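All remarks here apply to the structure that follows.
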Amino acid sequence: MSPMKIRADFSQKAFLLPGDEPWISSPQPGVDRQMLDRIGEEVARATSLVRFAPGSFFPHHVHGGGEEFFVLEGTLEDENGRYPAGTYLRDPIGSQHTPFTKDGCTIFVKLWQFSASDKQRQVTESADIPWQAGPSEGLTLKPLHEFDSVTTFLLHLAPGTRWKHQTHPDGEEILVLEGTFSDEEGVYPARSWIREPGGRSHSALSEAGATLLVKTGHLAAHHLTLASNAV
């Protein structure tokens with residue numbers, strides 16, 4: 001049987017606005033998911049929003065392909081620590097844990113998208129990182145992670161920012177954390193998700209300002225081959 005495929009053509013732009021995709025119950029009670037892109041069933045190369053109800057947990061598991069997440073609201077915990085909203089965490093291939101929450105939380109998760117050479121666990125509270133000058137006027141950024149030409153960072157667009165933007169040659173993925181921005185193809189409020197193939201030029205505009213979680217370089221053919229072969 002062929003694996004489940006959701007927005008699995010990485011050569012095409014894909015995006016979801018809030019409410020476009022339903023929350024789907026996971027096998028674990030109290031844990032729901034919005035599937036953004038996916039190749040595979042329960043073991044999958046996947047990008048998702050995951051919502052934990054108060055008092056819920058996910059059973060102990062091993063990260064066969066690594067896990068990366070950003071806490072959007074609430075607090076997630078496991079036997080290794082406590083991760084409030086704004087925390088960026090990377091658990092490398094072979095790591096394991098039993099995540100739970102007392103009061104509920106929502107996280108943005110990427111599974112099976114780790115380089116096998118990236119063995120460093122990382123926990124970063126983004127609030128502790130100072131904003132740096134960005135690539136254009138009105139833009140500031142907070143670097144979160146960089147490895148093997150793949151970068152992850154927060155990008156803030158000041159109110160009124162207009163930005164002529166060349167997408168990273170090996171692709172770009174954006175989750176809107178706060179505010180709203182737009183391009184020639186749409187308007188993206190908070191919790192919108194956009195995945196751009198490499199090399200496209202477009203203009204971005206934010207009248208009221210916006211904060212984005214951005215990942216670049218991870219849609220190159222060799223990254224996708226490594227991830228998909230592990231499903």
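Counting other Cβ atoms within 10 Å, which trypsin sites (Lys or Arg not before Pro) in segment 88-162 have at most 16 and lie in a DSSP loop? Before the final figure, lay out each step's value.
Values: sites: R90, K102, K110, K119, R121, R162; in loops: K102, K119, R121.
Passing both the DSSP loop test and the Cβ count: K102, K119, R121.
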Looking only at aspartates and glutamates whose Cα falls under 14 Å of K142's and that sit 8 or more positions away or on another chain, we get E125, D128
Whole-number value, in Å³ per residue, for the convex hull of the alpha carbons of segment 58-145 is 109
In whole Hz, the Karplus estimates of ³J(HN,Hα) for segment 83-94 (6.51, -1.76, 1.60; θ = phi - 60°; x where Gly or Pro) are 10, x, 3, x, 7, 10, 10, 10, 10, x, 4, x
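Skip the ligands, DNA and RNA, and give the accessible area per residue of segment 102-183 with a 1.4 Å probe, whole Å². Don't skip to the end; give the middle numbers.
Numbers: 4200 Å² over 82 residues.
Counting only protein heavy atoms, the per-residue value for segment 102-183 is 51 Å².
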Counting all Cα-Cα pairs in segment 76-205, those more than 27 Å apart amount in percent to 26
Taking only the alpha carbons of segment 1-127, the radius of gyration and the largest Cα-Cα distance, Dmax, both in angstrom, are 14.3, 45
Within the set T98, T167, T106, GNM on the chain using Cα springs under 10 Å gives the largest fluctuation to T98
For K5, the aspartates and glutamates lying under 13 Å Cα to Cα, once residues fewer than eight places off in the same chain are dropped, come out as D37, E41, E42
With a 1.4 angstrom probe the carbon and sulfur portion of accessible area for segment 1-145, in percent, totals 54
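Given N residues in the chain, what is Rg(Cα) / (2.2 N^0.38 Å)?
Numbers: Rg = 17.0 Å, N = 231, 2.2 N^0.38 = 17.4 Å.
Against the compact-globule rule of thumb, the ratio is 0.97.
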The distance between the Cα centres of segment 27-62 and segment 176-205, in whole Å, is 25
To the nearest Å², the heavy-atom accessible area per residue of segment 1-86 with 1.4 Å probe amounts to 47
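With all protein chains present, how much of the accessible area of segment 171-219 (probe radius 1.4 Å) comes from carbon and sulfur, to the nearest whole percent?
Details: 810 of 1510 Å².
About 54 percent, which is the carbon plus sulfur part of the accessible surface.
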Under the Karplus relation with 6.51, -1.76 and 1.60 and θ = phi - 60°, whole-Hz ³J(HN,Hα) for segment 210-221, x at Gly and Pro, equal 7, 10, 10, 9, 10, 10, 10, x, 8, 9, 5, 4
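Where does the longest stretch of the chain lie that holds no GluC sites (Glu not before Pro) found in a DSSP loop with 11 or fewer other Cβ atoms within 10 Å? Before the final figure, lay out each step's value.
Numbers: sites that count: E41, E42, E79, E137, E184, E185.
Looking at the chain, 80-136 is the longest stretch - no exposed GluC sites (Glu not before Pro) with at most 11 other Cβ atoms within 10 Å.
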Cross-link reach from K119 to lysines, straight Cα distance under 19 Å and at least 8 residues apart if same chain, gives K110, K215
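The values are calculated or read from the model by the stated rules, or taken from the named source; none is laboratory data. Computed from a predicted structure; not experimentally measured. Every residue, glycine as well, gets a Cβ built from its backbone with ideal geometry; the counts of neighbours run over all protein chains shown. For the accessible areas, the whole protein counts, side chains as well, though only heavy atoms, and no ligand, DNA or RNA atoms are used. Shrake-Rupley method; radii C 1.70, N 1.55, O 1.52, S 1.80 Å.
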